[in-house]
Amino acid sequence: MTTADIREMITSDLPVDSPYFRPTQKKTICGREPLPLSARLAMGLNDVKFPWNVGASYAQAGETLPHAIDGDVRDAYYFASQNYDPEFHVAQALALLDPAYRPQRHTLEALLICRDIELAGIAGWTGLPEEVVYQFQRFFFNVRDRFEDHNFIASIVFPETRFATFRSDYQDTPERNKLLQLGYRYGSAKVIFMSGLSPERLDKASMKRRTAQLQEGLLENALTLVQSGFANSDDAPGLKHAAPLLVAEPSNQDSGSFSELEKGLGGIGQGIIETLLGVQAKDIQQRIHLPEASPKKE
């Protein structure tokens, strides 16, 4: 379901007293207090399992789904209320929510967040039937129909925005979050490698290219830190890691200008170089202008 579909259902077809909303409604002497439309929209539009949760809520409450509601929600309702699943594809997708399948589920979710791989490709790498992958993304991780809702996708991948990646304890971030961020930023090949689906990297490259990628990654990270206000922070190891890349090998010429330094940085973007040189300017200038040692007298 797209974001527009969900919004339309909440505003037009889903009753205010729907069992989907009941768990969050306050109980009063006269019954349950209806949620305002703003709260209902906030709840539904941020629910990655909206089709399933709506259909299942009616089935669990023993109530009939409103006739105006069709599509994914009705299919979820039929499965939850009547166990309608001729090929057992929904049951297999539902099984992936079990804690025993947590690593497999996290890998599947990270691949679904990637834009460079189709469902057939995901099925091939994970070993799941393509129809199971389809039902999982349809009911339990509804992101593919909502790729254009950038706020929604970002809230899943970066629930605390990218600033959380600057923290020194970022490595303590749950593996699911790191896999989602890897797939979102770099694509499916990185997820396939880091999840262990492939014993080796799929993106073949020379050592020279790997080195260039590493340099670019360190400098890009440092630039992001600078632009985010961390230039003067004592706890910004990303800047320290990038600093050595800004110091070129000694030049045969007598010039100590930044242009000479830049020659040693290869194809790294000019904007990145200028910003980082600005951050480390004092230290670099001191290194440039250190007097050469006098030759020893024999």
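Each reported figure results from applying straightforward, stated rules to the coordinates on display, with no laboratory input. Please read these numbers as outputs of a predicted model, since none were measured by experiment. Neighbour counts are summed over all protein chains in view; Cβ atoms, including those assigned to glycine, are modelled from backbone coordinates with ideal geometry.
Before moving on, here are some points about what is shown:
- The rule of thumb for compact globular proteins, 2.2 N^0.38 Å, goes into the C-alpha radius of gyration of the stretch 91-194 1.05 times.
- Pairs with C-alpha atoms separated by more than 28 Å, drawn from the list Lys178/Lys240; Lys26/Lys49; Lys27/Lys178, are Lys27/Lys178.
- Alpha-carbon centroid distance for the pair the stretch 41-86 / the stretch 91-123, whole angstrom: 21
- Rounded to the nearest 20 debye, the dipole size of the stretch 3-84 about its Cα centre is 400 debye, using +1 on the Cβ of Lys and Arg and -1 on the Cβ of Asp and Glu.
- In the calculated pair-distance distribution of the stretch 3-84, the portion above 20 angstrom amounts to 28 percent of the Cα-Cα pairs.
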